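Below is one structure; the comments refer to it alone.
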Amino acid sequence: MTHNKAPKIGIDIENAKQILQVGGLVAIPTETVYGLAANALNEQAVLKIFEAKNRPYFDPLIIHSNSIEKIKAWVLDFPLWAQQLAQAFWPGPLTLLLPKKNTIPDVITSGLPQVAVRIPNHALTLQLLKSIDFPLAAPSANPFGYISPTQPQHVWAQLQHQVAYILDGGVCEVGLESTIVGFDEGLVVYRLGGLAVEDIERVAGPVQVQTNNSSNPKAPGMIKSHYAPKKPLFIADIASFLKTHADKKVGIISFYQSYGGQYASVEKILSPKKNIKEAAHGLFAALRYFDESDVEVIVSEKFPDSFLGRAINDRLQRAAAK
Ligand code: TXA
Ligand code: MG
């Protein structure tokens, strides 16, 4: 007897939906990074996410939906500040922290009273979300602590045996995880990400940025070492780094400038046109590329500390902190 095993990767939304309905795991594309999704209202399904990622239970999950109306059924309050930001930036790379109702299992929020919610901006995933009546819990689809996946191949390489299906939405447009915003006397950015602080401030006025809480991290996105490749990574002036590491094969990550041909180096220029969005889009793929290549160390320049350059520097610093 022959078995016709269904392909594990594709654009079959109906298949993705059926797997999620019975408590399975599906990797979903978003504009930021790929997510490892399960029915957020099904505790057993959510536990599978932690197991698949080897993720500690104190690290809470973001829930995803396609509409504010649906989200209102899962939170106690959708205050004015949240409405304002949601209207301006959803669907998009923004996550809001809102007080949760009891229907959201405690395992989602690691026991915290607030739940992180977002409407992602990806046509396939929005279509999937529209077809279900429960939210999808979805952390980035990578083993805990590693670089987030921005291509279906990244998910395949690390989690193909953990997921029932990978919804193939191509390469993620933004390439950095969502920016997380909550309210504590005023607006607070808890994680820098794909939506620039400057863009939030244009709509909502000044915000505080509180992304380092080292001794007692509220959540590991805030732990100093995270998003890290296996190879050592340094943030440095590239020309002088190459001189002092002339005996090593170095992988270079640069914004727009070429350092080509010097010593035994290989380079990834993220945006020859000097476009910071394009640089963000390619950052994680470049880190993965070097991690899998034969370079011995990776060096990146520091990016301009504004707009998405600030989030890029945040990720590089956490990746270098190992
Ligand atoms: O762009 C993204 O946000 C992607 C895509 C898949 O949507 N998801 C993502 O999830 O980056 P994850 O699990 O890798 O990061 C979730 C982070 C946690 O580490 C924590 O920092 C924060 O979101 N978080 C989630 N729930 C929270 C809560 N209740 N209170 C405070 N922080 C929370
Ligand atoms: Mg993550």
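The values are calculated or read from the model by the stated rules, or taken from the named source; none is laboratory data. On a predicted model such as this, the values are computed, not experimentally measured, just so you know. We place every Cβ from the backbone using ideal geometry, glycine too, and count neighbours over all the protein chains shown. We work out accessible area using only protein heavy atoms, side chains counted, and drop any ligands, DNA or RNA first. Shrake-Rupley method; radii C 1.70, N 1.55, O 1.52, S 1.80 Å.
Taking the condition under 19 Å from the mean Cα position of the chain (by Cα), assigned by TED's automatic domain parsing to the domain that holds ILE28, part of a loop (DSSP other than H, G, I, E, B) and surrounded by fewer than 21 Cβ atoms within 10 Å (Cβ to Cβ), does PHE58 pass? Steps first, answer last, please.
Details: under 19 Å from the mean Cα position of the chain (by Cα): yes; assigned by TED's automatic domain parsing to the domain that holds ILE28: yes; part of a loop (DSSP other than H, G, I, E, B): yes; surrounded by fewer than 21 Cβ atoms within 10 Å (Cβ to Cβ): yes.
For PHE58, the condition - under 19 Å from the mean Cα position of the chain (by Cα), assigned by TED's automatic domain parsing to the domain that holds ILE28, part of a loop (DSSP other than H, G, I, E, B) and surrounded by fewer than 21 Cβ atoms within 10 Å (Cβ to Cβ) - is met.
Do any strands (runs of 3 or more DSSP E) entirely within the range 89-203 hold 1 or more residues that are touching a residue at least 24 places away in the same chain (Cβ under 8 Å), over 21 Å from GLY24 (Cα atoms) and within 16 Å of ligand 2 (Cβ to nearest atom), and if so, which? If you could, list the steps in order and put the result at the bottom.
On the way: elements: 94-99, 114-118, 165-167, 179-184, 186-191.
Fully inside the range 89-203 and qualifying: 94-99, 114-118, 179-184, 186-191.
Taking only pairs six or more apart or across chains, which ones have beta-carbon atoms under 6 Å, a first residue in the range 21-37 that is in contact (Cβ under 8 Å) with a residue 40 or more places away in the chain, and a second residue that is of a type in the set (Asp, Glu) and within 7 Å of ligand 1 (Cβ to nearest atom)?
Listed pairs, sorted by first residue: THR32/GLU177; VAL33/GLU177.
If only one of VAL295, VAL299 is in a loop (DSSP other than H, G, I, E, B) and either out of contact with any Gly (no Cβ under 6 Å at 6 or more places or on another chain) or open to solvent by less than 10 Å² (accessible area, probe 1.4 Å) (or both), which one is it?
On the way: VAL299 fails: in a loop (DSSP other than H, G, I, E, B).
It is VAL295.
Take the residues in the range 61-76 that are open to solvent by less than 10 Å² (accessible area, probe 1.4 Å) and not in a strand (DSSP E or B); name whichever of them is nearest to ligand 1 (Cβ to nearest atom).
LEU61
Please work out if ALA138 is among the hydrophobic types (A, V, I, L, M, F, W, C), assigned by TED's automatic domain parsing to the domain that holds GLN151 and in contact with a His (Cβ under 8 Å, 6 or more places away or on another chain). Even if it seems obvious, please write down each step before you answer.
Working: among the hydrophobic types (A, V, I, L, M, F, W, C): yes; assigned by TED's automatic domain parsing to the domain that holds GLN151: yes; in contact with a His (Cβ under 8 Å, 6 or more places away or on another chain): yes.
Against the criterion (among the hydrophobic types (A, V, I, L, M, F, W, C), assigned by TED's automatic domain parsing to the domain that holds GLN151 and in contact with a His (Cβ under 8 Å, 6 or more places away or on another chain)), ALA138 qualifies.
Being of a type in the set (Val, Ile, Thr) and within 18 Å of HIS122 (Cβ to Cβ) is the filter; apply it to the range 20-31 and report the residue that is farthest from ligand 2 (Cβ to nearest atom). Can you show your working first?
Initial filter on the range 20-31 (of a type in the set (Val, Ile, Thr)): 22, 26, 28, 30.
Right, trim to within 18 Å of HIS122 (Cβ to Cβ) and you get 26, 28, 30.
Working: VAL26: 17, ILE28: 14, THR30: 12 Å.
Residue satisfying both the conditions and the ranking: VAL26.
If you take the residues of the range 129-158 that are within 13 Å of ligand 1 (Cβ to nearest atom) and of a type in the set (A, V, I, L, M, F, W, C), which of them is nearest to TRP90 (Cα to Cα)?
Pass one, the range 129-158, residues within 13 Å of ligand 1 (Cβ to nearest atom): 129, 135-150, 154-155.
Remaining after also requiring of a type in the set (A, V, I, L, M, F, W, C): 129, 136-138, 141, 144, 147, 155.
Values: LEU129: 14, LEU136: 16, ALA137: 17, ALA138: 17, ALA141: 21, PHE144: 27, ILE147: 25, VAL155: 25 Å.
Per the criteria, the residue is LEU129.
Limited to the range 32-46, what total is found for residues that are open to solvent by 10 Å² or more (accessible area, probe 1.4 Å) and within 14 Å of LEU126 (Cα to Cα)?
Qualifying residue count, the range 32-46: 0.
Report, by residue number, each residue of the range 154-173 that is among the aliphatic types (A, V, I, L, M) and open to solvent by less than 30 Å² (accessible area, probe 1.4 Å).
The initial filter retains those residues of the range 154-173 that are among the aliphatic types (A, V, I, L, M), namely 155, 157, 159, 163-164, 166-167, 171.
VAL155, LEU159, VAL163, ILE166, LEU167, listed by residue number.
Collect the residues in the range 124-153 that are among the hydroxyl-bearing types (Ser, Thr, Tyr) and open to solvent by 10 Å² or more (accessible area, probe 1.4 Å), keeping them in residue-number order. I'd like the intermediate steps shown before the answer.
Going through the range 124-153, the residues among the hydroxyl-bearing types (Ser, Thr, Tyr) turn out to be 125, 131, 140, 146, 148, 150.
Listed by number, the residues that qualify are SER131, SER140, TYR146.
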